[in-house]
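*Asks:* Sharing a structure with you now.
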Amino acid sequence: MQKVSVETPCGKVVGLLSDGVRVFRGVKYAEAKRFCPPVPTLRYDGVFDATEQGVCCPQMRAYRDEEHRFYYREFRKGMKFSYSEDCLILDIRAPEKAEKAPVIVFIHGGSFTGGSVNEPQFDGSAYAKKGVVFVAINYRLNVFGFFADGEHSRGGLGLLDQYAAIEWVRRNIEAFGGDLDNITLMGQSAGAMSIQTLISSPKLKGKIKRAVMLSGGGKRGVLLPLGKPHPRYWKKLIKAAGANSYEEFAALPAERVWTAWKTKHVVGKALFTKPVLDGDLVVSKNCDADIPIIFGTVKKDLLPPVLNHMARAYARRQKRRGTPCYLFSFERLLPPDDASFHSCDLWYVLGSLGNSSRPFTDRDRALSEEMVSRIAGFCRTSSPNAEGYDGWEVYSSRKDIKVFG
């Protein structure tokens with residue numbers, strides 16, 4: 001690999017060229033004090049070195065062993081990570097030679113409590129090889145990203161981070177060969193829910209061309225309803241952490257803050273660590289949007305009947321509004337154990353099969369190639385009908401759901 005550099009409005013950024021893809025890792029887009037909104041990064045102090053993996057936001061695996069967990073074995077086994085609250089970074093994978101290329105901004109999932117862009121499934125090099133600039137972003141998680149006492153924080157800090165990342169992309173992506181007026185948001189699970197919230201915000205109106213939501217987008221019912229901040233829960237948590245005031249709580253070591261959130265008032269943790277109506281970025285429970293959308297679910301997804309219903313109901317509503325939606329069901333069983341699980345489609349949709357320890361076959365590689373080709377085409381034309389593949393109709397009824405298997 002050889003070093004490459006680009007001159008951005010923030011200054012020079014140095015990355016690596018690998019197999020025709022320029023890779024820039026851990027690029028800083030903002031910074032934030034604890035429980036405060038992000039401050040955009042407008043200028044780097046000298047040359048920014050983006051040749052190494054960046055940090056992760058504090059989360060469970062920073063403080064507790066996770067080797068017994070399924071997702072560790074599937075996505076992170078043997079990897080090493082570093083953690084910091086100064087974690088507002090993004091990874092960019094761009095074609096070696098690109099000009100006015102479509103841009104994907106990917107938002108990872110993890111129940112708003114975990115995850116990071118430097119996991120191997122989020123390598124978007126397959127899109128760069130299709131002429132698309134692929135950007136994957138970190139955002140603050142759990143108590144650090146969704147503290148919302150209504151007084152010191154109106155909430156949704158993690159979503160404000162995502163918005164700050166999108167704005168950084170719009171200011172800087174032309175330096176990497178991307179088209180700031182052709183951005184597609186793409187995300188899975190909590191990332192998909194984030195996207196649905198973002199694209200309905202007046203602050204992003206006209207700035208996003210289309211969206212791809214995997215296992216999490218659609219009409220919301222009991223799953224992630226938007227509400228106001230819940231001061232009572234957060235005040236109880238401050239007291240449970242042994243702090244006498246918000247100021248004391250905000251000054252505690254990160255591990256102590258996280259441990260109090262993780263172990264105290266666990267029902268509230270599940271209910272209130274999520275996006276809320278903050279009166280700024282998120283101003284309405286209405287999540288309608290006027291852009292084309294792809295929705296996807298997995299055969300053995302997390303609550304598959306609920307996720308499928310959410311996607312179909314939203315698509316029907318969008319059809320009445322004259323906005324096209326495309327739906328798919330990912331039904332391939334992964335080798336060698338015929339596995340299907342929430343997020344298993346990421347290996348295929350992101351074209352990162354080669355980063356997995358699973359013994360994928362030519363059939364798997366062909367399926368991944370089709371999915372990447374269709375989504376890359378969608379990023380250019382708003383249609384996932386790629387040359388050489390069967391037609392994919394705008395959703396009207398269940399017969400229009402594209403099956404990948």
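The values are calculated or read from the model by the stated rules, or taken from the named source; none is laboratory data. The shown structure was predicted, so the numbers you read here are calculated from the model rather than taken from an experiment. Counting neighbours? That spans all protein chains shown, and the Cβs are built from the backbone with ideal geometry, glycine included.
*Asks:* When the residues of region 373-399 are narrowed to those that are touching a residue at least 60 places away in the same chain (Cβ under 8 Å) and within 16 Å of K129 (Cα to Cα), which ends up surrounded by the fewest Cβ atoms within 10 Å (Cβ to Cβ)?
*Replies:* Looking at the filtered set, the residue picked out is R380.
*Asks:* Quick one: in region 1-42, which of the residues that are farther than 19 Å from E96 by Cα and touching a Pro at 6+ places or on another chain (Cβ under 8 Å) is surrounded by the fewest Cβ atoms within 10 Å (Cβ to Cβ)?
*Replies:* Only one residue fits best here, namely L42.
*Asks:* May I ask you to say which residue of F106, F112, F81 is in contact with a helix residue (DSSP H, G or I) (Cβ under 9 Å, 6 or more places away or on another chain), aromatic (F, W, Y) and not in a loop (DSSP other than H, G, I, E, B)? Even if it seems obvious, please write down each step before you answer.
*Replies:* Working: F112 fails: not in a loop (DSSP other than H, G, I, E, B); F81 fails: not in a loop (DSSP other than H, G, I, E, B).
One residue alone meets the criteria, F106.
*Asks:* Still on this structure, I have one more. Scan region 259-268 and give yes if some residue there is surrounded by 15 or more Cβ atoms within 10 Å (Cβ to Cβ) and within 20 Å of G191 (Cβ to Cβ), otherwise no.
*Replies:* No; the residues of region 259-268 include none that is surrounded by 15 or more Cβ atoms within 10 Å (Cβ to Cβ) and within 20 Å of G191 (Cβ to Cβ).
*Asks:* Determine whether region 316-331 contains at least one residue that is in contact with a Leu (Cβ under 9 Å, 6 or more places away or on another chain) and surrounded by fewer than 16 Cβ atoms within 10 Å (Cβ to Cβ).
*Replies:* Within region 316-331 (the criterion being in contact with a Leu (Cβ under 9 Å, 6 or more places away or on another chain) and surrounded by fewer than 16 Cβ atoms within 10 Å (Cβ to Cβ)), the answer is no, since none of the residues qualifies.
*Asks:* Additional query: Hey, C57 hits all of (1) of a type outside the set (G, A, S); (2) modelled with pLDDT of 95 or more; (3) closer than 25 Å to P9 by Cα but one; which does it fall short on?
*Replies:* For C57, the exception is condition (3).
*Asks:* Tell me, which residue of region 345-372 that is without any contact (Cβ under 8 Å) to a residue 60 or more places away in the chain and assigned to a loop (DSSP other than H, G, I, E, B) is farthest from M79 (Cα to Cα)?
*Replies:* Among them, the one singled out is T361.
*Asks:* When you scan region 127-141, do you find a residue that is touching a Leu at 6+ places or on another chain (Cβ under 6 Å) and over 23 Å from T381 (Cα atoms), even just one?
*Replies:* The initial filter retains those residues of region 127-141 that are touching a Leu at 6+ places or on another chain (Cβ under 6 Å), namely 135, 137, 140.
Filter again for over 23 Å from T381 (Cα atoms), leaving 137, 140.
Within region 127-141, one or more residues are touching a Leu at 6+ places or on another chain (Cβ under 6 Å) and over 23 Å from T381 (Cα atoms).
*Asks:* Looking at V349 and the list (1) within 25 Å of K209 (Cα to Cα); (2) in contact with a strand residue (DSSP E or B) (Cβ under 9 Å, 6 or more places away or on another chain); (3) of a type outside the set (S, T, N, Q); (4) exposed (fewer than 15 other Cβ atoms within 10 Å of the Cβ), which single condition is not satisfied?
*Replies:* It is condition (4) that V349 fails.
Yes/no matrix, rows are residues, columns are (1) part of a loop (DSSP other than H, G, I, E, B); (2) in contact with a strand residue (DSSP E or B) (Cβ under 7 Å, 6 or more places away or on another chain); (3) at pLDDT 95 or above:
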residue: V276; (1), (2), (3): yes, no, no
residue: D280; (1), (2), (3): yes, no, no
residue: K285; (1), (2), (3): yes, no, no
residue: D288; (1), (2), (3): yes, no, no
residue: I294; (1), (2), (3): no, yes, yes
residue: T297; (1), (2), (3): no, yes, yes
residue: K300; (1), (2), (3): yes, no, yes
residue: L307; (1), (2), (3): no, yes, no
residue: R317; (1), (2), (3): no, no, no
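*Asks:* Here is a further query. Do any helices (runs of 4 or more DSSP H) entirely within region 155-246 hold 3 or more residues that are at pLDDT 95 or above and surrounded by fewer than 24 Cβ atoms within 10 Å (Cβ to Cβ), and if so, which?
*Replies:* On the way: elements: 157-172, 190-199, 231-240.
Counting at least 3 such residues, we get 157-172, 231-240.
*Asks:* Any residue in region 51-73 that's within 19 Å of A136 (Cβ to Cβ): show its pairings with residues that are surrounded by 17 or more Cβ atoms within 10 Å (Cβ to Cβ) and charged (D, E, K, R) at Cβ separation under 6 Å, as long as the two are six or more apart or on different chains.
*Replies:* Close Cβ pairs (under 6 Å, with a partner that is surrounded by 17 or more Cβ atoms within 10 Å (Cβ to Cβ) and charged (D, E, K, R)) amount to Q53/R25; G54/R25; C57/R140.
*Asks:* Also: I'm trying to understand the selection: among the residues of region 84-103, which are part of a loop (DSSP other than H, G, I, E, B) and crowded, with 23+ Cβ neighbours inside 10 Å?
*Replies:* To start, the set of residues in region 84-103 that are part of a loop (DSSP other than H, G, I, E, B) comprises 84-88, 96-100.
Across region 84-103, the qualifying residues are C87, L88.
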